[in-house]
Amino acid sequence: MILSSFVYSPFYEEDFFFEIPRPFQFLSFYVYAKGVFQRDLPVGKVSIRKDDLCKYSGKDNWFNLQPVDPNTEVQGKVHLEMRLNEVITDNGSTGQQLLVKIIECKELPLISGQNCDPYATVCLAGPARSDQKKTKVKKKTSNPYFEETFFFEVTRSSSYSKKSNFQVEEEDIEKLEIKVDLWNNENLAQDVFLGETRVPVKILRSDHIHKAWYLLQPKGTGSKSKSDDLGQLRLKLHYIEDTVLPSACYTPLCNLLLKSPDVKPISASAAHILGDIFRERYEAVLPMVRLLLYHNRFVPFVSAVAALELDNTQEANTIFRGNSLATRCIDDMMKIVGKSYLAVTLKPVIDEICESNKTCEIDPIKLKEGDNVEVNKENLQIYVQKVFSSITQSSSNCPPLMCDVFRSLRHLACKRFPGDPHVQYSAVSSFVFLRFFAVAVFSPHSFQLRSHHPDPEITRTLILISKTIQTLGSWGSLSKKLSSFKESYMYDFYKLFQEEKCIEKVKKFLDEISSNVSKESSRQEDAVVLKEGEVQKRTQGKKNFSKRNFKKRWLRVTNRELSYHKRKGKEALCTISVKNIQAVEKLDESAFNRKNMFQVVLSEKPLYVQAGNCVEASEWLEILGQVSRCNEGRLTTYHPSNYTAGAWQCCKNQSSNAPGCKPCTITMLANLQLDIDCDREAERIFSLLSSNESKLQNME
């Protein structure tokens with residue numbers, strides 16, 4: 001979130017939906033003051049413990065901002081073993097010795113996008129002593145395995161007088177504690193604090209052996225500023241935690257849902273009943289759509305549901321206008337399948353609109369002093385033409401699965417209303433224009449086309465463009481008389497467009513995405529940047545594991561090629577045609593002892609890349625997978641590790657040309673690749689059905 005300059009009570013009203021990785025301790029929100037000539041500065045943060053998320057879920061709460069302190073940014077856990085042993089001292093008396101074993105750590109944070117070089121310090125602290133010991137440094141791992149044991153004397157007789165040790169009476173054991181700190185070894189720079197845990201020695205009073213995992217905590221001695229000076233953040237959280245059982249538990253339910261397309265009538269199918277029971281609940285349809293997509297059953301199901309809806313539709317100009325099961329299923333499908341399609345088609349022009357920031361207001365009531373309505377109208381017309389052209393020339397990029405659905409809708413509409421020549425177009429345009437492109441233009445941040453919500457003036461421009469695109473894209477609307485539009489200023493604006501030419505372009509586009517004609521683009525397609533950013537790239541062909549073999553590079557992928565550069569804006573060091581990509585897959589952490597790595601498999605040597613974090617890695621995998629999804633030479637198997645020391649490290653095959661040992665990411669219907677956890681989706685459906693058993697009984 002970014003605070004606007006000179007605004008002390010900003011109002012955001014923005015929604016964010018994201019998956020949270022299973023092993024986490026805190027969900028944190030950071031507020032920044034946007035810098036003009038320097039980097040953004042943190043104002044404060046709100047951190048909510050995982051155990052407290054359920055307490056706040058579904059409620060509107062104010063949270064005090066806490067200071068941002070590097071010593072409080074911790075994650076991970078440490079496995080400790082402690083025991084008390086009796087020892088005989090030099091003079092023959094009996095004393096006690098504390099054994100502390102640092103076994104291992106898990107889930108330590110990345111440092112600058114790479115695995116850290118962790119070590120631990122172990123300190124026995126008390127009122128009159130502070131004995132500290134240190135483990136060895138473990139290189140490039142977030143899950144270090146130490147297995148190191150340290151000994152501390154905790155009780156001694158008064159006659160034991162070795163100068164390097166303190167006299168500690170037995171009752172002082174109540175005040176002793178073991179403090180374990182984790183650090184990242186920085187060699188020449190100051191070591192970075194990773195977290196600490198404190199365990200009181202008195203825990204061994206009842207049990208002389210104690211072994212447990214401890215979550216790492218922020219540094220206890222960090223400076224604390226008054227949090228009430230930093231302001232508050234108002235949040236409304238919805239936290240859903242799924243408890244997923246083994247796959248076999250969901251097999252009967254999945255089989256029942258997947259048989260739905262074959263059930264006659266379709267209204268008696270399990271999937272249709274699920275949609276009927278939870279007609280008002282968005283979260284009920286989405287897991288069902290995901291399951292059907294994964295198992296290649298979506299098109300037959302949605303075709304049957306659409307046919308049922310059309311049977312109950314009396315007028316051709318009202319088809320697919322309501323919030324029915326068919327429209328909800330297709331809406332969800334387009335959001336899942338069409339994400340990359342939107343990025344290729346709309347992102348460049350949306351970026352231009354947001355960054356150029358030209359005034360486009362044409363409503364006389366909303367004009368500001370000094371605004372020229374004719375200039376504004378010209379600006380808006382240029383933007384609309386660019387968006388409209390981008391859409392109508394994008395048929396070659398439309399995902400095959402979406403084309404299959406549109407083709408089915410077109411056929412069903414013609415069959416239901418054979419005397420209406422326009423219904424074949426309105427059946428498709430009601431989805432692709434009204435429910436897909438127009439919505440994405442109106443709210444680009446919701447479709448990951450922009451990272452932040454646009455400011456009010458740009459939002460108003462996007463609203464006007466979205467309204468115009470809906471009209472230009474609707475075959476039925478274009479056949480209206482212009483005088484039927486509600487706003488007079490929009491009536492004047494629409495007259496600027498050549499109606500017949502627009503209709504011709506819309507029809508051609510709809511034909512290309514919904515019929516069996518060739519979808520080859522009618523023009524030479526411009527290169528569109530889909531994603532770019534800084535990565536760590538391994539030098540191809542190197543056989544050793546030297547850190548020097550990984551170098552910072554600027555990676556850039558367009559709809560035509562993948563390239564990497566020394567820095568942003570510099571000439572490409574290497575360019576690879578996307579048609580030559582044979583697979584894009586994750587790379588095991590063990591390959592180079594680095595997290596968030598992926599590989600672009602080529603005919604000669606694979607390209608190994610490390611992203612800055614897990615989210616970036618997923619985005620690179622998705623976009624590269626989508627842009628190369630229809631390549632003829634795509635592989636069916638791959639090696640999840642690297643080839644070194646004369647063998648593949650994953651399968652130990654000694655031939656460098658050996659076929660992969662692991663299946664590539666499942667290729668879905670019409671070359672669609674989706675990352676779907678079927679067990680998790682089935683659990684969500686099962687939970688909904690279980691909590692609404694009475695509705696099922698009433699329906700029965």
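Lys347: open to solvent by 30 Å² or more (accessible area, probe 1.4 Å), in contact with a Leu (Cβ under 7 Å, 6 or more places away or on another chain) and in a helix (DSSP H, G or I), yes or no?
For Lys347, the condition - open to solvent by 30 Å² or more (accessible area, probe 1.4 Å), in contact with a Leu (Cβ under 7 Å, 6 or more places away or on another chain) and in a helix (DSSP H, G or I) - is met.
For segment 578-603, name all the residues that are closer than 19 Å to Asn549 by Cα, outside any helix (DSSP H, G or I) and among the aliphatic types (A, V, I, L, M).
Leu587, Met597, Val600, Val601
I need a count of the residues in segment 540-558 that are among the hydroxyl-bearing types (Ser, Thr, Tyr) and at pLDDT 70 or above.
As a first pass, look at segment 540-558 and keep what is among the hydroxyl-bearing types (Ser, Thr, Tyr): 546, 558.
Subset that is at pLDDT 70 or above: 558.
So the answer is 1.
Do we have Cys630 as open to solvent by 30 Å² or more (accessible area, probe 1.4 Å), touching a His at 6+ places or on another chain (Cβ under 9 Å) and either at pLDDT 85 or above or not acidic (Asp, Glu) (or both) here? It would help to see each step written out before you state the result.
Working: open to solvent by 30 Å² or more (accessible area, probe 1.4 Å): yes; touching a His at 6+ places or on another chain (Cβ under 9 Å): no; either at pLDDT 85 or above or not acidic (Asp, Glu) (or both): yes.
No.
Just for segment 236-279: of the residues that are of a type in the set (A, V, I, L, M, F, W, C), in contact (Cβ under 8 Å) with a residue 40 or more places away in the chain and more than 27 Å from Glu19 (Cα to Cα), which one is least open to solvent (accessible area, probe 1.4 Å)?
Ile266
Kindly indicate whether Arg198 is under 30 Å from Val154 (Cα atoms), open to solvent by 90 Å² or more (accessible area, probe 1.4 Å) and modelled with pLDDT of 90 or more.
yes
What residue, among those in segment 443-477 that are in contact with a Ser or Thr (Cβ under 8 Å, 6 or more places away or on another chain) and outside any helix (DSSP H, G or I), is most open to solvent (accessible area, probe 1.4 Å)?
Per the criteria, the residue is His453.
Going through segment 362-380 one residue at a time, which ones are open to solvent by 20 Å² or more (accessible area, probe 1.4 Å) and under 35 Å from the mean Cα position of the chain (by Cα)?
Of everything in segment 362-380, just one residue is open to solvent by 20 Å² or more (accessible area, probe 1.4 Å) and under 35 Å from the mean Cα position of the chain (by Cα), namely Asn379.
Quick grid of which residues meet (1) outside any helix (DSSP H, G or I); (2) touching a Leu at 6+ places or on another chain (Cβ under 7 Å); (3) over 17 Å from Asp332 (Cβ atoms):
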site	(1), (2), (3)
Gly275	no, yes, no
Leu286	no, no, no
Leu293	no, yes, no
Phe301	no, yes, no
Leu310	no, yes, yes
Thr313	yes, no, yes
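So Gly625 ticks every box in (1) open to solvent by 40 Å² or more (accessible area, probe 1.4 Å); (2) within 20 Å of the chain's Cα centre (by Cα); (3) at pLDDT below 90 but one. Which box is left unticked?
It fails just one condition, (1).
Looking at segment 418-430, which of its residues are of a type outside the set (A, V, I, L, M) and within 11 Å of Ser474 (Cβ to Cβ)?
His422, Tyr425, Ser426, Ser429, Ser430
Give all pairs with beta carbons closer than 8 Å in which a residue from segment 557-568 that is in contact (Cβ under 8 Å) with a residue 60 or more places away in the chain meets a residue that is polar (S, T, N, Q) and not in a strand (DSSP E or B); count only pairs at least 6 apart in sequence or on separate chains.
Asn559/Asn397
Each row is one residue, and each column tells you yes or no for (1) of a type in the set (Phe, Trp, Tyr); (2) in a loop (DSSP other than H, G, I, E, B); (3) in contact with a strand residue (DSSP E or B) (Cβ under 6 Å, 6 or more places away or on another chain).
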residue: Lys605; (1), (2), (3): no, yes, no
residue: Tyr608; (1), (2), (3): yes, no, yes
residue: Glu632; (1), (2), (3): no, yes, no
residue: Cys651; (1), (2), (3): no, yes, no
residue: Ala658; (1), (2), (3): no, yes, no
residue: Ile685; (1), (2), (3): no, no, no
residue: Leu689; (1), (2), (3): no, no, no
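Out of Leu84, Leu80, I need the residue that is within 28 Å of Leu215 (Cα to Cα), open to solvent by less than 60 Å² (accessible area, probe 1.4 Å), of a type in the set (A, V, I, L, M) and at pLDDT 85 or above. Which one?
Residue meeting the stated conditions: Leu80.
Within segment 173-187, is there a residue that is charged (D, E, K, R), at pLDDT below 75, out of contact with any helix residue (DSSP H, G or I) (no Cβ under 7 Å at 6 or more places or on another chain) and open to solvent by 90 Å² or more (accessible area, probe 1.4 Å)?
Checked against the condition, which is being charged (D, E, K, R), at pLDDT below 75, out of contact with any helix residue (DSSP H, G or I) (no Cβ under 7 Å at 6 or more places or on another chain) and open to solvent by 90 Å² or more (accessible area, probe 1.4 Å), segment 173-187 yields no hits at all.
If a residue must be touching a helix residue (DSSP H, G or I) at 6+ places or on another chain (Cβ under 8 Å) and exposed (fewer than 14 other Cβ atoms within 10 Å of the Cβ), how many such residues does segment 280-299 contain? Can you show your working first?
Kept after step one, since they are touching a helix residue (DSSP H, G or I) at 6+ places or on another chain (Cβ under 8 Å), are these residues of segment 280-299: 281-299.
Narrowing further to those that are exposed (fewer than 14 other Cβ atoms within 10 Å of the Cβ): 281-283.
Here the count works out to 3.
Hey, among Arg83, Arg49, which residue is under 27 Å from the mean Cα position of the chain (by Cα), more than 22 Å from Asn593 (Cβ to Cβ) and not acidic (Asp, Glu)? Break it down into steps so the answer makes sense when it comes.
Working: Arg83 fails: under 27 Å from the mean Cα position of the chain (by Cα).
Result: Arg49 is the single residue among Arg83, Arg49 that is under 27 Å from the mean Cα position of the chain (by Cα), more than 22 Å from Asn593 (Cβ to Cβ) and not acidic (Asp, Glu).
The values are calculated or read from the model by the stated rules, or taken from the named source; none is laboratory data. Just so we're clear, the structure is a prediction, and the values are computed from it rather than from any experiment. Note: ideal-geometry Cβ built from the backbone for every residue, glycine included; neighbour counts use all protein chains shown. We work out accessible area using only protein heavy atoms, side chains counted, and drop any ligands, DNA or RNA first. Shrake-Rupley method; radii C 1.70, N 1.55, O 1.52, S 1.80 Å.
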